[in-house]
Amino acid sequence: MSDPFPHLRIDEDRFRAGFDALSRIGATPDGGAHRPALSEDHLGARAWFHERAERAELEVHVDGAGNHSARLRCGLPGARALLLGSHLDSVPHGGRYDGPLGVLCALEVLQTIREAGLSLAVDLEAIDLTDEEGAHVSMMGSRALTGALREEHLAHPHSGDEAFAQALARAGLTHDGILAAQRDPVSLAGYLEVHIEQGSRLERAGTDVGVVTGIVGITWYRLRFLGRADHSGTRPVAERRDAAQGACAFALAARETVLRDYPGCVVNVGDMRFEPGAFNVVPAVVTAALEYRSPDGDQQHRMERDLLDLARAQAERFDLELETECLEAIAPTPMDERVQHILASAAERLCLTHTPLPSGAGHDAQSFADLCPTGMVFVPSVGGYSHSPQERTRWADCVNGANVLLQAALAMGGAEIGQDLQDSQDSLD
Ligand SMILES: [Zn+2]
């Protein structure tokens, strides 16, 4: 593989200043960030990105799904775009690194390459993708761009119709515009993303970067345990149809099942709503949010069968009805082996230690994997904390991630992408 500019590095001071400025938007006093997709603070972060890209003399583009791009054109007619991306939205009361780090790495890489006066064979595009975290519709921006999003996904937003409509209005987006954001796959040269690991494997192993092998499959179910409201003082416990008992028994049993039968997989009951919800009323309905993840598609299907059987058994045990609704089912996604090789080579050029590892979290990269060469780099998360204000990555590791992205972008964009990937494949063989 060609190694055109092995000594080029990002500007660490500018990178840091950008991170600090962005971290102030939607900052929470505990050191975290609260920027749910299309909230005022999320739109504020996007405005910051827009302004920053313009100041860097990059071309700014916003598509119908709200995806914000900064572009560095190569000037060749019909050139394809190598996308470097992540997301500026956060989970509610989340951290400052999950997403923004990848967007800032991408922006920094474009600025570095522009200032070095290099011309590549592809357009480079730093992209901030809409609603990766699924405040409304999970990975809405990347799925819209890659043509995987349909009207039915927009018809059932996690936030509810009213909140979604308000959010779209705030951002100036429409259903039609979102669905029209699809790009021709032929126009995509690849997709690369730097992200924090959100786990503790790299830190424990003392390894600088992780080269992601694939992204786990994720399924979301809404379970409704239906019983009967009763006077909590007069109806004997044994005669109740208490929806809370079934839902809680299920949550405990699901943990045991996954620990016993599905090593390497995870299950979560992340929310329970009790109705009517009072001290003195036996719960008539409990609505539970069930999520499970597996790196293997067949295993993901077996988990579905076993966990739903378990929910039915616990509902029966407490004389309840059970309603199940599948909200999301995303298959596991392998990353491109040739891109993994390019990323590992980039780490080696920088004298960084690296290891292959699967991602337990979903990422926008999975939207691109079927359409173009796609890869991800992980940098260590201190203590493995993520989706919380404790989320942190040592600054030297953030810089490493940006430099790996820079070197990989040069390798993938420095020559005709097809030939470069072919060379990489040859060296794998
Ligand atoms: Zn993320």
- Item | Loop-located chymotrypsin sites (Phe, Trp or Tyr not before Pro) in the stretch 273-306 whose Cβ has at most 13 other Cβ within 10 Å (DSSP) | Phe279
- Item | Net charge of Cβ neighbours under 12 Å - reference Thr112; Lys, Arg +1; Asp, Glu -1 | -1
- Query: Among residues other than Arg222 whose Cβ falls under 13 Å from its Cβ, what is the net charge (Lys/Arg +1, Asp/Glu -1)?
  - Reply: -3
- Message: Compute the distance from the alpha-carbon center of the stretch 331-364 to that of the stretch 233-288, in whole Å.
- Response: 39 Å
- Query: With a sphere of radius 12 Å drawn around the Cβ of Ile178, what net charge do the other residues whose Cβ falls strictly inside it have (Lys, Arg +1; Asp, Glu -1)?
  - Reply: -2
- Helix 395-414 vs. the chain, principal-axis angle (Cα, 0 to 90°, nearest 10): 60 degrees
- Query: Relative contact order (percent) for the chain, with alpha-carbon contacts under 8 angstrom and 6 or more residues of separation?
  - Reply: 23 percent
- Likely footprinting exposure, Phe225, Phe19, fewest C-beta neighbours within 10 Å first: Phe19, Phe225
- Can you give the helix-only mean residue ellipticity at 222 nm for the chain, where every DSSP H stretch with n ≥ 4 adds -39500 (n - 2.57) and the sum goes over all residues, rounded to the nearest 500 deg cm²/dmol? -12000 deg cm²/dmol
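Given a Förster distance of 22 angstrom, what is the FRET efficiency for Glu348 paired with Ser200, based on the Cβ-Cβ distance and rounded to 0.05? Before the final figure, lay out the partial values.
Working: r = 24 Å, r/R0 = 1.08.
That pair, Glu348 with Ser200, gives E of 0.40.
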- Message: Helix 40-55 against the longest principal axis of the chain: what's the angle in degrees, Cα atoms only, rounded to the nearest 10?
- Response: 10 degrees
- Roughly how tilted is helix 161-171, in degrees to the nearest 10 and between 0 and 90, from the longest Cα axis of the chain? 20 degrees
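Every number in this text was worked out from the coordinates using simple rules, so none of it is lab data. The model shown is predicted, which means the values in this text are computed figures rather than measured ones. Note that we place each Cβ from the backbone using ideal geometry, even for glycine, and neighbour counts take in every protein chain shown.
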